[in-house]
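The values are calculated or read from the model by the stated rules, or taken from the named source; none is laboratory data. Quick caveat, the model's predicted, so the values are computed rather than measured. When we count neighbours, we look across all protein chains shown, and the Cβ atoms used for this are built from the backbone with ideal geometry, even at glycine.
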Amino acid sequence: ISARLTIDPHFEVGPINRRLFGSFVEHLGRCVYDGLYEPGHPSADADGFRQDVIDLVRELGVSTVRYPGGNFVSGFRWEDSVGPREERPTRLDLAWHSTETNEVGLHEFGAWLDKVGGELMLALNLGTRGTLEALDLLEYANVASGSTLSDRRIANGRTEPFDVRMWCLGNEMDGPWQLGHRSGTDYGKLASQVSKALRQLDERVELVVCGSSNAHMPTFGSWEREVLMEAYDDVDFISCHAYYQERDGDLGSFLASPVDMDRFIETVIDTADHVKAVKRSTKTIDISFDEWNVWYQDRYRDVDRIEGIESWPKAPRLLEDVYSVADAVVVGGLLISLLKHADRVTAASLAQLVNVIAPIMTEPGGPAWRQTTFFPFAITSRLAGGRALEVKLESPTYETALYGEVPQLDAVATHDDATGRTAVFLVNRSQTDSATVSIDVGGLGGVNVLSAQTISDDDVNARNTLEQPERVAPHGNGSAVVDGDTLTITVPAVSWTAIELG
Ligand code: AHR
């Protein structure tokens with residue numbers, strides 16, 4: 001098959017916020033314990049953090065990291081996680097039926113983030129707690145000194161404030177599974193009150209109100225409207241969450257997951273802008289897509305779920321999906337979808353970071369390795385600079401069971417005025433045919449191919465595992481050539497490709 005696209009720096013979507021390359025660390029399974037933190041590990045540093053994981057997180061190119069949940073946060077008491085470790089309580093985590101020792105808390109995670117060079121994004125518990133506890137945490141985290149809670153932070157070892165800007169007003173409050181789940185209007189009123197209070201203390205905070213847990217929730221659309229009718233003036237972002245998986249062998253629909261993400265984003269923008277109109281507001285709400293990934297949720301329900309009231313384990317192996325080449329192609333496609341909406345999606349978090357539906361896996365006492373999904377994220381984070389550009393794409397289409405007729409190819413470009421570099425990201429969703437793509441680069445005024453990397457494999461189910469940690473990796477795509485104003489490249493069936501031009 002063949003496709004054409006045109007890249008022109010004038011076709012601007014918007015500036016790319018580095019927060020688009022955020023991730024998410026939840027106290028869930030082995031994300032924290034036996035993941036990023038393992039004091040007995042040969043590579044552990046003086047603080048008990050695995051250096052091999054730190055190195056991989058840096059290579060991944062993560063910006064903001066959302067913490068500490070997730071569903072976990074709706075039962076979390078932040079005070080448990082600070083102060084002398086031997087005095088910290090052991091709690092039962094109702095979300096994941098696990099035992100939380102609080103050995104790693106706010107200070108330890110903050111120290112780890114300093115090592116990986118990330119920005120802390122904190123989620124507040126608005127499930128079982130409210131305004132007062134949120135204010136206490138903000139005082140503890142952001143006030144320099146001179147109050148009981150800020151001085152307690154200093155006594156606990158952190159002289160400088162954490163200076164957290166991004167705050168999530170709870171987590172997935174539309175979900176019946178969420179502790180403290182409530183109606184859109186009730187939650188919107190609470191979010192509004194908490195936001196006003198937080199801003200009274202620190203006007204620099206950037207606040208994310210909960211949107212729907214996914215676009216297929218029965219309340220999707222009305223939830224966003226009800227919440228924003230209450231909280232529009234008080235918040236900066238509304239969240240989106242989406243997880244995708246291949247179901248019943250329907251690879252065609254699965255590969256088209258980014259089409260669903262596109263529609264999801266555009267519907268939430270429409271809804272937010274509708275409320276803006278109703279309120280005669282001049283302010284625009286952005287999207288924080290603060291949970292997105294491939295997640296085989298059926299496996300969680302069938303295999304991972306811990307039942308009963310006794311013996312909730314510490315750091316069990318939960319949600320440890322092992323990703324395939326096809327999963328990596330979908331993740332690359334989801335990144336394209338985020339970039340295509342960079343004007344309104346100004347923050348996003350790949351959920352999650354280590355071991356739990358994660359690009360990085362670890363074995364206790366053993367190695368850490370890159371899952372297939374590591375590569376599209378790391379490459380996009382490294383190459384996508386400056387502004388996102390819309391590409392005028394002409395592509396054949398195919399029919400899917402879930403999303404109707406969708407394009408075989410999808411693409412986005414980025415252009416950095418400072419360096420003069422351009423990057424093109426493209427997916428080929430055909431399961432049978434390679435695609436020859438002609439790219440009109442005349443608008444860039446003379447460019448060379450600096451690099452072209454493709455993720456594909458004869459076996460779309462190939463995976464990286466403990467036994468074969470380097471089975472899948474991106475490979476150079478030598479077919480990319482520029483002739484005059486045209487760049488031509490051939491991309492295999494079921495593939496994701498990044499081209500760097502300069
Ligand atoms: O990321 C795993 C879980 O997915 C999170 O805890 C929750 O917010 C979502 O449902």
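Summary of computed values
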read-out: Residue identified as touching a residue at least 12 places away in the same chain (Cβ under 8 Å), more than 19 Å from Asp433 (Cβ to Cβ) and of a type in the set (Ser, Thr, Tyr) among Thr454, Thr465; value: Thr465
read-out: Condition check for Arg77: away from the ligand (no atom under 16 Å from the Cβ), farther than 22 Å from Met361 by Cβ and at pLDDT 95 or above; value: yes
read-out: Matching residues in the stretch 93-117 - criterion: being touching a Leu at 6+ places or on another chain (Cβ under 9 Å) and among the polar types (S, T, N, Q); value: Ser98, Thr99
read-out: Within the stretch 167-194, considering residues that are free of Cβ contacts under 8 Å to residues at least 12 places away in the same chain and in a loop (DSSP other than H, G, I, E, B), the one surrounded by the fewest Cβ atoms within 10 Å (Cβ to Cβ); value: Pro176
read-out: Which numbered condition Val164 fails, given (1) away from the ligand (no atom under 16 Å from the Cβ); (2) buried (at least 21 other Cβ atoms within 10 Å of the Cβ); (3) farther than 25 Å from Gly118 by Cβ; (4) under 22 Å from the mean Cα position of the chain (by Cα); value: (3)
read-out: Per-region count, the stretch 358-377, residues assigned to a loop (DSSP other than H, G, I, E, B), surrounded by 21 or more Cβ atoms within 10 Å (Cβ to Cβ) and not small (Gly, Ala, Ser); value: 4
read-out: Subset tally (residues that are part of a strand (DSSP E or B) and surrounded by fewer than 24 Cβ atoms within 10 Å (Cβ to Cβ)) for the stretch 1-27; value: 9
read-out: Failed criterion for Asp174 (all others in (1) within 23 Å of Asp273 (Cα to Cα); (2) in contact with a strand residue (DSSP E or B) (Cβ under 7 Å, 6 or more places away or on another chain) hold); value: (2)
read-out: Lone unmet requirement of (1) surrounded by 15 or more Cβ atoms within 10 Å (Cβ to Cβ); (2) in contact with a Phe, Trp or Tyr (Cβ under 8 Å, 6 or more places away or on another chain) for Val441; value: (2)
read-out: Hits in the stretch 323-357 - residues which are away from the ligand (no atom under 16 Å from the Cβ), of a type in the set (S, T, N, Q), within 13 Å of the chain's Cα centre (by Cα) and not in a helix (DSSP H, G or I); value: Thr346
read-out: Within the stretch 19-34, tally of residues that are away from the ligand (no atom under 13 Å from the Cβ) and under 16 Å from the mean Cα position of the chain (by Cα); value: 4
read-out: Matching residues, the stretch 214-243, being more than 19 Å from Arg199 (Cβ to Cβ), charged (D, E, K, R) and within 23 Å of the chain's Cα centre (by Cα); value: Glu224
